[in-house]
Amino acid sequence: MSPGTRALGVAVSADGRSDEDPPARATVAAAVVRADRVVDGLSFSTCTVGGSDATAAVVDCVDRLGRPDARHLLLAGVAPAWFNLIDLRRVHEAADRPVLAVSFEASAGLEPHVREHFSGEALDRRLAVYESLPEREPLSLDADEVGVGDGSGDDDRTDEREPDLWVRPVGVDVAAARRIVAAHTPDGQGRPEPLRVARLAARAGRSYADRRTDGSRSAPPDSTPNDGRDE
């Protein structure tokens, strides 16, 4: 991809409890970042901690930016703000571009945790979204590595190397998803730059909102356990 190729990164920063009255709010940030790491757009929205409005908040961020030149949309996980699940197919339809949910830890799945914390209609709604998601695919971003998530279709792969990350792609296949993520990940290590910038923006936005609503709150930036959750 050319250095000027743009992608949208979206991340959520949450602090607080779902049983607060009124419920705590999480900050959603979207960042337009070029493949050469130049940032040229930001937008913000909010969603409810423990709610079911994260999908709408992501779509709102994308609409606020109005950047059709950003060819791909990268999301930090699918269950931010305490299981406020993001419907990737709805986001893909609204954004009209490929969508990739990226996560960075191995996982046995979210369903047991969702069942533990929710019941009735709230559980059914979340399970419907979760079951609609594409499978998580492991990716290795090292161009010299053949095997994990390279889209080669080689069933005789023996590489036991730990994946760099996992992705749920909508609108592209796994091989294309790998190229997109690699193009936006400096030196093939760490977080893709659009997600790194979006996460910083979300944390800063949440910190500012917290100080405006309650001067006594000064949670440190690292107190964001739901940032990018996709176990």
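Please treat every number below as a calculation from the coordinates, not as lab data. The model shown is predicted, which means the values in this text are computed figures rather than measured ones. With ideal geometry, Cβ positions are generated from the backbone for all residues, glycine too; neighbour counts draw on all protein chains shown.
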Along Cα→Cβ, 7 Å out, is where each label goes; now give me the distance between the ones at MET1 and ASP124 in nm to one decimal. 4.0 nm
Phi to ³J(HN,Hα) by Karplus 6.51 cos²θ - 1.76 cosθ + 1.60 over the range 74-89, Hz, x for Gly, Pro: 10, 10, 7, x, 10, 9, x, 6, 6, 6, 7, 5, 9, 7, 5, 5
Which Cα, out of ALA57, GLY77, SER45, lies furthest along the positive dipole direction of the range 42-90 (beta carbon charges, K/R +1, D/E -1)? GLY77
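Which whole number of Å³ per residue matches the convex hull of the alpha-carbon atoms in the range 46-105?
75 Å³
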Grab the eigenvalues of the alpha-carbon gyration tensor for the range 1-74, scale each by 5, take roots, and send me the semi-axes largest first in whole angstrom. 28, 11, 8
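Sequence gap at least 6, Cα distance under 8 Å: using those rules, report the relative contact order of the range 65-131 to the nearest whole percent.
Values: 51 pairs, mean separation 23.3, N = 67.
Computed over the range 65-131, the figure is 35 percent.
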Footprinting exposure proxy for SER207, SER52 (fewest neighbouring C-beta atoms within 10 Å first): SER52, SER207
